[in-house]
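Visitor: Below are the structure tokens for one structure; questions will follow.
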Amino acid sequence: MTHDHDLVLRPTAAQTEAALNPPAGRTGGDLVVETLAALGATTVFGLPGQHALGLFDALRRSDLRYVGLRVENNAGFAADAYGRITGEAAPLLLSTGPGALTSLPALQEAAAASAPVLAICSQVPTAGLGGGRHGYLHELPDQAASFRGVVKSVHTVRAPSQIPSAIEAAWKSALSAPHGPVWVEIPQDVLLAGTAIPVVTGGDAFPEELPPRPELTALAAHLLSTAARPAIIAGGGVVRADASGKLRQLAETLGAPVVTTPGGKGAFPWNHPLSLRSWLEDRHTTDFLEDADVLLVVGSGLGELSSNYHTFRPRGRIVQIEADLGKLESNHPALGIHADARLALQALLETVSEREDPTAPERVRALLAKVADRIAAQELALEQDVLASVRRALPAGSPSFWDMTVLAYWAWSAFDAGGPNLMHSAQGAGGLGYGFPAALGAAVADPTRPVLAVSGDGGALYSVAELATARQHDLNVTWLVVDDGGYGILREYMTDAFGEPTATELTRPDFAALAESFGVPGARTSPQTLEADLAKALRSPGPSVVVLPAVLRMFAATHLG
């Protein structure tokens with residue numbers, strides 16, 4: 001009797017001949033790039049460094065496209081966006097010590113947003129592993145320790161033969177639900193060592209699925225089918241699982257209103273009759289969700305930004321679908337279903353009963369009217385006009401990437417993303433400098449459509465070096481810089497809390513002239529001409545910069561007091 005696990009694929013004669021006679025001159029670095037190509041990678045991001053030169057030399061002998069950025073953190077943001085747009089693991093090649101550590105904020109954002117980034121870093125020579133303190137350049141007592149609290153998994157290689165398996169394991173880890181960044185480190189001498197190992201030609205690139213437990217979805221379906229006032233919160237897990245269509249079908253079957261979190265922007269159609277849009281930072285919306293007798297939370301941990309800063313106090317039953325086991329019931333008791341959002345929503349669709357609720361669209365309209373009236377009472381026409389101009393200028397189907405800036409805080413609540421997987425921001429970890437390098441990564445992933453980046457002047461100063469990257473690779477990114485003379489959101493926070501700000505005002509360059517010095521077209525605009533100027537830049541191939549001098553205000557918070 002033959003069992004499935006006894007079956008072994010026999011090599012062909014050609015494969016045997018290739019294995020017996022591998023090309024000369026290959027190194028551990030070649031094993032890295034061969035494994036990546038065998039797993040399906042086509043593009044890598046990164047920065048070279050002394051210990052990683054064997055890896056970068058191997059790139060020269062491969063068909064992988066290398067996109068080099070000027071700062072490791074920015075390379076990490078670019079890889080993050082590439083992973084979000086493609087759903088593939090994005091290789092990020094780094095060097096030891098300072099280069100590796102400079103990528104940490106980007107990897108934290110990838111972890112918070114579940115972006116699949118495969119970081120491959122060099123290490124000091126093997127003799128220096130284990131904290132031996134030999135005094136190698138870039139030496140750390142335990143480099144991997146700096147990353148264990150950030151990434152999903154850490155893989156340390158000590159010999160060339162370990163490289164293919166370590167990278168394959170890391171690849172599958174990055175792409176297992178929930179997606180996230182992973183860390184592989186390979187000593188300098190291993191990358192440089194010659195190898196007679198056959199060329200890597202295959203690999204298992206498919207991670208294990210994460211289906212829901214059927215007894216849990218059966219109970220969840222019963223609760224939703226018999227609810228009087230069901231509602232749905234859709235988080236980033238819906239977008240990452242490509243489950244927006246199933247979410248819409250379920251919402252329509254149940255007649256359940258849907259609100260999307262900042263990470264879930266675009267998971268539900270903005271103008272759908274059941275769409276509560278994204279006004280989670282609003283007490284009217286919080287009240288509406290608290291009144292639901294059954295609340296389905298899909299792909300969200302109900303963290304700070306998704307719970308009106310933890311003021312949300314649900315009175316009904318919560319059903320929570322989440323791929324990250326640690327987020328199940330981490331903030332509220334719930335029927336917790338540990339599963340990929342797509343598989344769980346499919347299971348619910350196969351089990352729920354259709355329910356009629358003719359009052360739901362009217363309750364949604366009433367809620368959105370209350371929100372609009374609240375904002376209208378605060379004299380924020382400039383901010384709303386600027387955001388509307390950006391929306392009108394951005395072509396349908398074009399992605400946008402937002403830094404931590406006042407306009408992005410508005411966008412989390414008030415911007416129509418245009419569809420799933422189109423609006424991304426740094427709200428996962430909240431670090432500065434995300435917007436522009438992430439947009440570059442998205443433009444590499446899909447050069448057929450223009451990409452918008454939005455930054456404040458403070459965040460832009462983190463990323464100006466990447467104007468050289470944009471020009472070198474002729475990437476189709478338009479960068480909108482809202483120049484308010486400082487860290488605008490911190491200025492507001494400090495003024496509200498302490499009466500006046502400290503350390504928020506900045507001397508900054510003429511961003512349009514700076515862009516021109518890199519060979520990138522730069523233009524100054526105004527709120528009145530923003531739509532036309534931005535649309536023109538987005539229509540023009542290649543990189544461009546549009547600078548809007550404006551001081552924007554935030555709408556009043558409803559979670560205080």
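The values are calculated or read from the model by the stated rules, or taken from the named source; none is laboratory data. Because the structure is predicted, anything quoted here is derived from the model rather than measured. Glycine gets a Cβ as well: all are built from the backbone with ideal geometry, and neighbour counts include every protein chain shown. Note: areas computed on protein heavy atoms with side chains; ligands, DNA, RNA excluded. Shrake-Rupley method; radii C 1.70, N 1.55, O 1.52, S 1.80 Å.
Visitor: Solvent-accessible area of LYS327, probe 1.4 Å, all protein chains present, reported in Å² to the nearest ten, please.
Guide: In the full protein context, LYS327 sits at about 70 Å².
Visitor: In nm², what is the average projected area of the convex hull enclosing the Cα atoms of region 348-417?
Guide: 7.5
Visitor: Which value, in nm² and rounded to one decimal, describes the direction-averaged projected area of the C-alpha convex hull of region 474-531?
Guide: 5.5
Visitor: Can you give the relative contact order of region 7-161 as a percent, counting alpha carbon pairs under 8 Å and 6+ residues apart?
Guide: On the way: 220 pairs, mean separation 30.6, N = 155.
Normalised by residue count, the contact order of region 7-161 is 20 percent.
Visitor: Moving to a separate point now. What full-extension length gain, to one decimal in nm, is calculated for THR311 and ALA366 as 0.36 nm per residue of separation minus the Cα-Cα distance? Working shown, then result.
Guide: Working: separation 55, 0.36 × 55 = 19.80 nm, distance 2.18 nm.
Answer, rounded to one decimal: 17.6 nm.
Visitor: Percent relative contact order of the chain, based on C-alpha pairs within less than 8 angstrom and at least six residues apart?
Guide: 13
Visitor: Within the chain, what percent of beta bridges assigned by DSSP are antiparallel, to the nearest 5?
Guide: On the way: 2 of 62 bridges.
Expressed as a percentage, antiparallel bridges in the chain total about 5.
Visitor: Continuing with this model, one more query. Keeping all protein chains in place and using 1.4 angstrom, which order do ASP142, ASP63 fall into by accessible surface area, from largest down?
Guide: ASP63, ASP142
Visitor: In deg cm²/dmol, rounded to 500, what helix-only [θ] at 222 nm does the chain give when every DSSP H run of at least 4 residues adds -39500 (n - 2.57) and the total is split over its residues?
Guide: So the calculated ellipticity at 222 nm is -11000 deg cm²/dmol.
Visitor: Further, regarding this structure: Quantify, in whole percent, the carbon and sulfur part of the accessible surface of the chain (1.4 Å probe; protein heavy atoms only).
Guide: 53
Visitor: Can you list the residues, at least 5 places off or on another chain, whose amide H is less than 5 Å from the amide H of LEU475, using H built in the peptide plane?
Guide: Sorted by chain and number, the residues that satisfy this come to none at all.
Visitor: Just the C-alpha atoms of the chain: what Rg/Rh do they give, with Rh taken as the Kirkwood radius?
Guide: We get a ratio of 1.00 for the chain.
Visitor: What's the long-distance tail for region 84-140, i.e. % of Cα pairs beyond 18 Å?
Guide: Everything past 18 Å amounts to 43 percent.
Visitor: What are the residues whose amide H is under 5 Å from the amide H of ILE337, where those residues sit 5 or more places off or on another chain and H is modelled from the backbone?
Guide: Distant-sequence amide H within range of ILE337: GLN320, ILE321, GLU322.
Visitor: For region 159-225, what is one quarter of the convex hull surface built on the Cα atoms, given in nm²?
Guide: 6.7
Visitor: Next up: Could you tell me, in Å, what Rg and Dmax come out for the Cα atoms of region 391-500?
Guide: For region 391-500, the Cα radius of gyration and maximum Cα-Cα distance read 14.2, 48 Å.
Visitor: Related question: Using protein chains only and a probe of 1.4 angstrom, how many square angstrom of ASP496 are accessible, to the nearest 10?
Guide: Its heavy atoms expose roughly 130 Å² to the probe.
Visitor: A further question follows. What percent does the relative contact order of region 161-232 come to when contacts are Cα pairs within less than 8 Å and at least six residues apart?
Guide: Once normalised by length, the contact order is 33 percent.
Visitor: While we're on this one: What FRET efficiency comes out for the pair ARG60/TRP270, r = Cβ-Cβ distance, R0 = 51 Å, nearest 0.05?
Guide: The formula returns an efficiency of 0.65 here.
Visitor: Beyond 15 Å, how much of the Cα-Cα pair distribution for region 49-123 remains, as a whole percent? All intermediate terms of the calculation are to be shown ahead of the outcome.
Guide: On the way: 1461 of 2775 pairs.
In whole percent, the long-distance tail amounts to 53.
Visitor: Let me ask something else. When each pair of different Cα atoms in region 220-262 is counted once in the 1/r mean, what is the Kirkwood radius in angstroms, to one decimal?
Guide: Details: mean 1/r = 0.0920 Å⁻¹.
Over region 220-262, the inverse of the mean reciprocal pair distance is 10.9 Å.
Visitor: Shape verdict for region 178-293, please, from the Cα gyration tensor: rounded (a/c under 1.5), prolate (a/b greater than b/c) or oblate.
Guide: Prolate shape, in that a/c is at least 1.5 and a/b is the bigger ratio.
Visitor: Working out 0.36 nm times the residue gap between ARG392 and THR507, then minus their Cα-Cα distance, what length gain in nm do you get to one decimal?
Guide: Net length gain for the segment: 38.3 nm.
Visitor: Taking a ≥ b ≥ c as the square roots of the Cα gyration tensor eigenvalues, with a/c under 1.5 meaning rounded and otherwise prolate when a/b beats b/c, else oblate, which class fits region 40-92?
Guide: oblate
Visitor: Here's another thing I want to ask about it. If you build the Cα gyration tensor of region 311-364 and take the root of 5 times each eigenvalue, what three semi-axes come out, in whole angstrom, biggest first?
Guide: The answer is 23, 19, 9 Å, longest axis first.
Visitor: On the first, second and third principal axes, largest extent first, how far apart are the outermost C-alpha atoms of region 264-420 in Å?
Guide: 45, 31, 30
Visitor: Please work out how much accessible surface TRP270 shows to a 1.4 Å probe, ignoring ligands, DNA and RNA, in Å² rounded to 10.
Guide: For TRP270, the solvent-accessible surface is approximately 40 Å².
Visitor: Using amide H atoms built in the peptide plane, which far-off residues or other-chain residues are under 5 Å from VAL117 H to H?
Guide: ALA90, GLY180, VAL182
Visitor: If you don't mind, there's one more thing I want to ask. I'd like the Kirkwood hydrodynamic radius of region 129-186, using the inverse of the mean 1/r over distinct C-alpha pairs, in Å.
Guide: 12.4
Visitor: I would also like to ask the following. Compute the accessible area per residue over the chain, keeping the other protein chains in place, probe 1.4 Å, unit Å². List each step's numbers first, then the result.
Guide: Details: 22380 Å² over 561 residues.
It amounts to 40 Å² per residue over the chain.
Visitor: While we're looking at this one, here's another question. What's the FRET efficiency of HIS134 with ALA159 using the Cβ-Cβ distance as r and R₀ = 30 Å, to the nearest 0.05? It would help to have the intermediate numbers written out before the result.
Guide: Values: r = 19 Å, r/R0 = 0.63.
After rounding to 0.05, the efficiency reads 0.95.
Visitor: How fast does region 285-336 diffuse by Stokes-Einstein, in µm²/s, taking the Kirkwood radius from C-alpha pairs at 37 °C and 0.692 mPa s?
Guide: For the chosen part, D equals 301 µm²/s.
Visitor: Return the sequence-ordered ³J(HN,Hα) values of region 331-340 in whole Hz as given by the Karplus equation 6.51 cos²θ - 1.76 cosθ + 1.60 applied to θ = phi - 60°, using x for Gly and Pro.
Guide: 10, 8, x, 7, 7, x, 10, 7, 6, 5
Visitor: Here's something else I'd like to know. Please state the shape class of region 123-253: rounded when a/c is under 1.5, otherwise prolate if a/b exceeds b/c and oblate if not, all from the C-alpha gyration tensor.
Guide: Because a/c hits 1.5 or more and a/b exceeds b/c, region 123-253 counts as prolate.
Visitor: I've got another one for you. So what is the diffusion coefficient of region 448-561 in µm² per second by Stokes-Einstein at 37 °C and 0.692 mPa s, using a Kirkwood Rh over Cα pairs?
Guide: Estimated diffusion coefficient is 217 µm²/s.
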